[in-house]
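Please treat every number below as a calculation from the coordinates, not as lab data. Remember, it's a predicted structure, so these values are computed and weren't measured experimentally. When we count neighbours, we look across all protein chains shown, and the Cβ atoms used for this are built from the backbone with ideal geometry, even at glycine.
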Amino acid sequence: MRNRPSRGSIKGMPQVPAITLNNGHTIPQLGFGVFQIKPEETATAVAAALEAGYRHIDTAQMYGNEAGVGQGLRDAGVDRSEVYLTSKLNNSFHRPDDARREFERTLTALGSDYVDLFLIHWPLPTRYDGDFVSTWKVLEEFAADGRARSIGVSNFQVPHLNRLLEETGTVPAVNQIEAHPYFGNGEVREFCRAHGIAVEAWSPIAQGKVITDPQILAIAERLGRTPAQITLRWHLQLGNIVFPKSVSPQRIRENLALFDFELDGDTMAQIAALDEGAAGRIGPDPDVFDWIPA
Ligand SMILES: NC(=O)c1ccc[n+]([C@@H]2O[C@H](COP(=O)([O-])OP(=O)(O)OC[C@H]3O[C@@H](n4cnc5c(N)ncnc54)[C@H](OP(=O)(O)O)[C@@H]3O)[C@@H](O)[C@H]2O)c1
């Protein structure tokens, strides 16, 4: 995995770096997340993001807004091939036949015959008799037939990743995990780094909590940036892939304006020192999370 400049920069648009995944495909390091955007508001938000210059959208079956993502793409008039689209398998559909059926439903909802990246959303180690390996083998089918250009996982802990490495033939291209200044998720990040698995950091600005953090505010004031920009820049310099969510056109643009400044080593360390370990999580612990939508 390595950084390299994006192909095809858009005139007047920020130059988002691309990360090369372990299968040779590239992913824009900064994208737009649509968790908790209402289905009926998703097309507008996605179109605003694409108009601002984002070329990477992160959705999931669980968010109920894949159709809005597809609509936003068509509304913005951006060619499908220009946009990196990720979706994720919902927790109810880990059984192979369910996964195959619902993957097709994802493609239909997005209005595309492929996704750039498809993930198992949660490992659910206490469900399905602890079997996420057979689910992963179904994602391998999607990669083999080209309908998923890359496949990966989300919320996988080190033992879960080890099982995939030992029992299957495909190393996940990414692991999408909770990571932000209050919860660095260092052990999983380090394991991923050592095994060529790119890290995607979800809730990168801790769902807005960093905005009022006194230390991040002080850094932001010193550098003439906003707290969200400081935190997102910190992720990028760590090598994390991020996709902040916003429904505000102004904040959508703000979160993309990250490529004309840098944080020095002391500032990077100051933000890393905000890590509270497991106490800093804002989401569930993947070892015990077992929620399945009704
Ligand atoms: N794999 C998983 O299990 C998982 C879990 C959670 C999230 N995710 C992914 O990660 C993406 C991002 O995470 P997230 O949506 O949980 O949280 P986030 O991006 O860290 O934060 C979003 C929150 O911050 C606010 N915000 C955004 N930009 C801001 C700015 N510049 N200044 C002030 N406030 C700002 C947003 O409000 P406004 O909308 O009002 O601006 C929203 O309330 C999701 O959309 C989803 O794609 C994945």
Between Arg105 and Glu262, what is the spin-label point distance in nm, taking each point 7 Å from the Cα along the Cα→C-beta axis?
4.8 nm
Compactness check, region 194-294: C-alpha Rg relative to the 2.2 N^0.38 Å globular estimate gives 1.17
Taking Lys and Arg as +1 and Asp and Glu as -1, residues besides Trp122 with C-beta under 12 Å from its C-beta add up to -2
For the chain, set up a GNM with springs between Cα atoms under 10 Å and report which of Thr42, Thr20, Thr267 has the largest fluctuation.
Thr267
With T = 10 °C, eta = 1.306 mPa s and Kirkwood Rh from C-alpha pairs, the Stokes-Einstein D of region 145-262 in µm²/s is about 102 µm²/s
Net dipole in debye of region 133-176 [+1 Lys, Arg Cβ; -1 Asp, Glu Cβ; about Cα centre; nearest 20]
120 debye
Once the in-chain neighbours fewer than 8 apart are removed, the aspartates and glutamates whose Cα is under 15 Å from Lys38 read Asp58, Glu66
Just in region 217-269: which GluC sites (Glu not before Pro) are loop by DSSP and have at most 13 other Cβ atoms within 10 Å?
Glu262
Positive-pole candidate from Ala18, Val153, Ala49, dipole of region 1-153, charges at beta carbon
Ala18
In terms of modelled amide H atoms, which long-range or inter-chain residues lie less than 5 Å from the amide H of Gly33?
Asp58, Lys245, Ser246
Using 0.36 nm per residue of separation minus the Cα-Cα distance, give me the extension gain between Val247 and Glu40 in nm, one decimal.
73.3 nm
For a Förster distance of 45 Å, can you work out the FRET efficiency between the beta-carbons of Ala218 and Ser134, rounded to the nearest 0.05?
0.35
Using r as the Cβ-Cβ distance of His25 and Gln207, and R0 as 30 Å, what FRET efficiency do you calculate, to the nearest 0.05?
0.55
I'd like to know how region 15-277 sits against the 2.2 N^0.38 Å rule of thumb: what's its Cα Rg over that expected value?
0.98
Which value does Rg/Rh take for region 90-199 over its C-alpha atoms, Rh per Kirkwood?
0.96
Fully extended, how many nm does the chain gain between Gln237 and Val288 (0.36 nm per residue separation, minus their Cα-Cα distance)?
15.3 nm
Looking at the chain, identify the longest residue range that excludes and avoids all trypsin sites (Lys or Arg not before Pro) in DSSP loops having at most 15 other Cβ atoms within 10 Å.
12-294
In order through region 280-292: 3J(HN,Hα) via Karplus (6.51 cos²θ - 1.76 cosθ + 1.60), integer Hz, x for Gly, Pro:
x, 4, 9, x, x, 7, x, 5, 10, 5, 9, 6, 10
Neighbourhood charge, 13 Å Cβ-Cβ cut-off, centred on Pro284 and excluding it, Lys, Arg +1 and Asp, Glu -1
-3
